[in-house]
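Written out below as structure tokens is the structure these notes cover.
The values are calculated or read from the model by the stated rules, or taken from the named source; none is laboratory data. The structure presented is a predicted model; accordingly, all values stated were derived computationally and were not measured. Positions of Cβ are generated from backbone atoms using ideal geometry, with glycine treated the same way; all protein chains shown enter the neighbour counts. Calculation scope for accessible area: heavy atoms of the full protein, side chains included, ligands and nucleic acids excluded. Shrake-Rupley method; radii C 1.70, N 1.55, O 1.52, S 1.80 Å.
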Amino acid sequence: MRPRSLGWLLAALLSPFAPALPAQSGPQAAAAGSAAPADQDRLRPDLAFSLGEDFSLDTAAFASWTLRIRGPIRAEDFAAAMRVEQRCLAEGIEVGEAEVEAQLEAELSERLEKAFSGDREAWLKEVQQDGLTERGLRLARSQAIRQELLSKRLTTAHWTPQEERLKRLWEFRYGPRGRGLVLRGLQRRIINEFDPATMDATAYNRHGDELRAEAIAELEELRARALAGESFSGLARRLSDDPESKENGGRLPGEFWNPEGWSDSVRDALLALEPGEISAPLSGRGGIWIFELLSVADNPLEKVRDGLYAEMLANGPEPDEVAAYVDALAPQLPIEVLPALYAPQLETPEGWLAPVLRVGDREYSAAEYDAWLRKNEGELMAQRMALLASVELAGRRAGIELSEEQIEKRIEVDRQLIIEEAFKGRPELWENDLRLRRRTLEIWRQEARERARMDLTLEALLFADEAWLEQHLRFQWSERYGADGVQVEARQIVKNIPVGPREEGEHERRYMNRVSEAAVPLYHALEQIKERTQDGEDFGALAKRESEDADSARLGGVPPGGFQFLSFDEVTRSALMNAKIGEVIGPYQAGQRMFLFEVLSKRSVPYETERARLLEEARGKRLPAIETGILKNQLFKPEQVRFEAGLYR
């Protein structure tokens, strides 16, 4: 039987107003449908994917969605590929399918052997975990390989090896300045056991200096022993901290010493040595070293220039040179996103042929761009749509209908959260970030709409589950009032911790330690106030004189509007619930304030009397992602998604 279309879902996700859903779906629709065709197991060319036995999405609807959601985001990547295609076509540069296939097979074979020891099933499992099939992986990688080969050949046609690159290869092959140094090394590793995030920077650096001084002194002594005739090789084998060279008597790996990763001062000091000499202690690569120069092989640049130049020509440009050449094409062949990309009309052949992008003077149709997108990420996008469909269908079967007001409210909450947390509350910074990533506000809203519909539907499904709802509400009640359901009233004495905001680039742990250090004298001050209450002084009178919270101090420590029991963390709430009436407890830290409490009263808060309020609160805010995530994983089974022939067309 042919699955029913999910075109209604596309409209629901992209339109500001969700249309009416189909009258039937699922098993009921299956019973009412026509008889199954004889070739029902054959992949269908008009479909992008199907979900289980009941639902599907046709290629036009799928392409409309991917072009609108992913099209603007991937436009620059597509343009970069098309610039190379255009130039290669003009210059007669080609890459054959057989060449692409050969490189792909070589890559996959290497991956299979090196990462999976030839276990093809294990490799396929990894591919599936990434949301792909082998076919989808091959399509995406083939397109990328073709682009890489064309880009390199185009760059090579306009490329000349640079002198700087030639000198770099010379020094890599023959050593710094063409001097191939054969060395033994003996290392003393420097390990500062203290954590810089928790220790004062001056003390941390001073300790590091002490460790370096000890290592240098020890290496000076070992150098003197070697100069006096003791075997450097033997000393290194017994005493070096470098695992790579220790077993070989300090002989550094490679034909010649590789200066990469070493400082210029170390390089210059080693180049100044003569065979048989031993260096002074030198700092580098996690420790302090002394080196013995065994021999030198001199290869001046002019002696080897011709061979190196021929090698560079044979190898062609480096990846960064290719990338730089391709990037330089952008001003010559600029990209323009055309209006049809934001509202593709693919119900007719004319809609497929409508241009959606212009690169240079060449226009690209919706069909061309869609084909490129599907090769790159068609399977991943199909999985994404199938997830959305699974949630929407579950909601439909449960009779859940979302209002436009609900969706818009959630979108606005998400927008404000992003602006506050990532852009310091400045909308203009967020909008500029969207522009830099070639995303319009409308594209962001479409993606936010997807998230809002899915999250709201999942939340509605959970609230419709009576067993889950009861468990959730009881958990919220116990979090607030403890296992016995107790509301505490108390008064407080507050001290503000004298520490400013977190500094730019300051490690979080370092900042928290700074706050804790500043809180220590306040802790002792509040302890003294606590002792005074135990000696008979009135807590309220002390609060008026000592508390740094002006509003509650005026009322003898009673916060205006009542004690905000729920604003404190679990540890503080637990201590308040366990304290006796009249008992003074603390001090406790909450953010950048220290508190001392006197418990005034306690009252029982039965779950039954609070349930309605807890339910109202729960419905008014977003549920934890872990809750909706568990349900989402229950509803969506990736193995039920069938990629149809239209996805690869």
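Observations on the model:
The rows are residues; the columns are (1) among the hydrophobic types (A, V, I, L, M, F, W, C); (2) open to solvent by less than 20 Å² (accessible area, probe 1.4 Å); (3) out of contact with any Lys or Arg (no Cβ under 6 Å at 6 or more places or on another chain).
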| position | (1), (2), (3) |
| --- | --- |
| Thr348 | no, no, yes |
| Glu363 | no, no, yes |
| Glu368 | no, no, yes |
| Ala371 | yes, no, yes |
| Glu379 | no, yes, yes |
| Gln383 | no, no, yes |
| Ala389 | yes, yes, yes |
| Leu393 | yes, yes, yes |
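- Of all the residues in region 599-631, those that are open to solvent by 60 Å² or more (accessible area, probe 1.4 Å) and under 30 Å from Ala541 (Cα atoms) number 4.
- When residues in region 333-357 are screened for being within 14 Å of Gly71 (Cα to Cα), under 31 Å from the mean Cα position of the chain (by Cα) and not hydrophobic (A, V, I, L, M, F, W, C), 2 of them pass.
- 1 or more residues without any contact (Cβ under 8 Å) to a residue 12 or more places away in the chain: qualifying helices (runs of 4 or more DSSP H) within region 53-131: 71-91, 97-116, 120-129
- Remark: pairs (first residue in region 307-320, over 11 Å from Leu169 (Cα atoms); second residue surrounded by 11 or more Cβ atoms within 10 Å (Cβ to Cβ); Cβ separation under 7 Å; 6+ apart in sequence or on different chains) = Leu313/Pro161; Gly316/Lys152; Gly316/Thr156; Pro317/Lys152; Pro317/Thr155; Pro317/Thr156; Pro317/Trp159.
- Top-ranked residue in region 231-249 [being under 14 Å from Arg189 (Cα atoms) and in a loop (DSSP other than H, G, I, E, B); ranked as most open to solvent (accessible area, probe 1.4 Å)]: Asp241
- For Glu466, the test of being among the charged types (D, E, K, R), more than 33 Å from the chain's Cα centre (by Cα), open to solvent by 70 Å² or more (accessible area, probe 1.4 Å) and at pLDDT 85 or above is passed.
- Matching residues, region 241-262, being at pLDDT 90 or above and in contact with a Gly (Cβ under 6 Å, 6 or more places away or on another chain): Ser245, Gly250, Leu252
- Condition broken by Asn258, with the remaining ones in (1) of a type in the set (S, T, N, Q); (2) in a loop (DSSP other than H, G, I, E, B); (3) closer than 30 Å to Arg509 by Cα satisfied: (3)
- Single match in Ile411, Ile418, Ile335, Ile407 (criterion: within 20 Å of Gln446 (Cβ to Cβ), open to solvent by 30 Å² or more (accessible area, probe 1.4 Å) and not charged (D, E, K, R)): Ile418
- Residue count, region 476-531 (criterion: assigned to a loop (DSSP other than H, G, I, E, B), surrounded by 12 or more Cβ atoms within 10 Å (Cβ to Cβ) and touching a residue at least 60 places away in the same chain (Cβ under 8 Å)): 5
- Options Ala324, Ala310, Ala314, Ala343; residue that is in a loop (DSSP other than H, G, I, E, B) and either open to solvent by less than 90 Å² (accessible area, probe 1.4 Å) or among the basic types (Lys, Arg) (or both): Ala343
- Here Arg135 passes the criteria (1) out of contact with any strand residue (DSSP E or B) (no Cβ under 9 Å at 6 or more places or on another chain); (2) surrounded by fewer than 17 Cβ atoms within 10 Å (Cβ to Cβ) except the one numbered (1).
- Unique residue being within 29 Å of the chain's Cα centre (by Cα), at negative phi and open to solvent by 40 Å² or more (accessible area, probe 1.4 Å) when the list is Gln589, Gln564, Gln634: Gln634
- Among the residues of region 440-463, those that are farther than 18 Å from Lys632 by Cα and either in a helix (DSSP H, G or I) or open to solvent by less than 30 Å² (accessible area, probe 1.4 Å) (or both) comprise Leu441, Glu442, Ile443, Trp444, Arg445, Gln446.
- Only one of the numbered conditions (1) touching a Gly at 6+ places or on another chain (Cβ under 7 Å); (2) open to solvent by 60 Å² or more (accessible area, probe 1.4 Å); (3) not small (Gly, Ala, Ser) is not met by Glu91, and that is (1).
- When Leu576, Leu596 are checked against the criterion of being surrounded by 12 or more Cβ atoms within 10 Å (Cβ to Cβ), in contact with a Pro (Cβ under 7 Å, 6 or more places away or on another chain) and in contact (Cβ under 8 Å) with a residue 12 or more places away in the chain, Leu596 stands alone in meeting it.
- Top-ranked residue of region 399-434 - restricted to ones that are outside any helix (DSSP H, G or I) and at pLDDT 90 or above, ranked as nearest to the chain's Cα centre (by Cα): Arg426
- Any hit, region 427-447, residues being among the aliphatic types (A, V, I, L, M) and touching a Lys or Arg at 6+ places or on another chain (Cβ under 7 Å): no
- The residue of region 172-195 that is most open to solvent (accessible area, probe 1.4 Å), among those that are more than 30 Å from Leu308 (Cα to Cα) and of a type in the set (Val, Ile, Thr), is Ile191.
- Annotation note: of Glu302, Glu277, Glu255, the sole residue that is over 38 Å from the mean Cα position of the chain (by Cα), surrounded by fewer than 16 Cβ atoms within 10 Å (Cβ to Cβ) and within 30 Å of Ala157 (Cα to Cα) is Glu302.
- When the test is whether a residue is touching a helix residue (DSSP H, G or I) at 6+ places or on another chain (Cβ under 9 Å), open to solvent by 10 Å² or more (accessible area, probe 1.4 Å) and at pLDDT below 90, Pro45 passes it.
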